[in-house]
Amino acid sequence: MLLAMAGSIGVWQAPGVVNDWRVASDPVTVPDAKITDGECHARRVMFVDCSAHVAYEIEGKSVEHDIDLMFVNFHTGDYEVDVVRSAS
């Protein structure tokens, strides 16, 4: 049962982990990106859930993503962010 649960979590999270790895291996900041509907909520003091809609243009093609992420942080107040994508 635990193995099946671990496998399903792995399949569920794999696309996001692969995408994060690709961006981290060749990152480029997107200076003209638009971030809308950005919100972060602290859960149990240190677990932060954030979501936003990101839109930018590359080589004449429009790219839009809804982003959801979670991280551990003890920060209070607002966050400052940049949009980063893979150069490839």
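Here are some notes:
- Taken as a whole, segment 61-81 holds at least one residue that is within 16 Å of the chain's Cα centre (by Cα), part of a loop (DSSP other than H, G, I, E, B) and exposed (fewer than 10 other Cβ atoms within 10 Å of the Cβ).
- Once segment 59-88 is narrowed to residues that are of a type in the set (Val, Ile, Thr) and modelled with pLDDT under 90, the residue that is nearest to GLY16 (Cα to Cα) is ILE67.
- Any hit, segment 51-64, residues being basic (Lys, Arg) and either touching a Lys or Arg at 6+ places or on another chain (Cβ under 9 Å) or closer than 24 Å to SER88 by Cα (or both): yes
- Single residue of segment 32-47 satisfying the filter (under 14 Å from VAL63 (Cα atoms) and in contact (Cβ under 8 Å) with a residue 24 or more places away in the chain) that is farthest from the chain's Cα centre (by Cα): ASP32
- For segment 44-60, filtering for residues that are under 28 Å from THR76 (Cβ atoms) and surrounded by 13 or more Cβ atoms within 10 Å (Cβ to Cβ) leaves 7.
- Within segment 18-43, considering residues that are in a strand (DSSP E or B) and charged (D, E, K, R), the one farthest from PHE74 (Cα to Cα): LYS34
- Where a residue in segment 1-24 is under 22 Å from PHE71 (Cβ atoms) and its partner, wherever it lies, is of a type in the set (Ser, Thr, Tyr) and surrounded by 10 or more Cβ atoms within 10 Å (Cβ to Cβ), with Cβ under 9 Å and at least six apart: ASN19/SER86; ARG22/SER86; VAL23/SER86; ALA24/SER86
- Residues located in segment 48-60, provided they are among the charged types (D, E, K, R), over 12 Å from the mean Cα position of the chain (by Cα) and not in a loop (DSSP other than H, G, I, E, B): GLU57
The values are calculated or read from the model by the stated rules, or taken from the named source; none is laboratory data. None of these values were measured; they are calculated from a predicted model. As a convention, Cβ positions derive from the backbone with ideal geometry for all residues, glycine included, and neighbour counts pool all protein chains shown.
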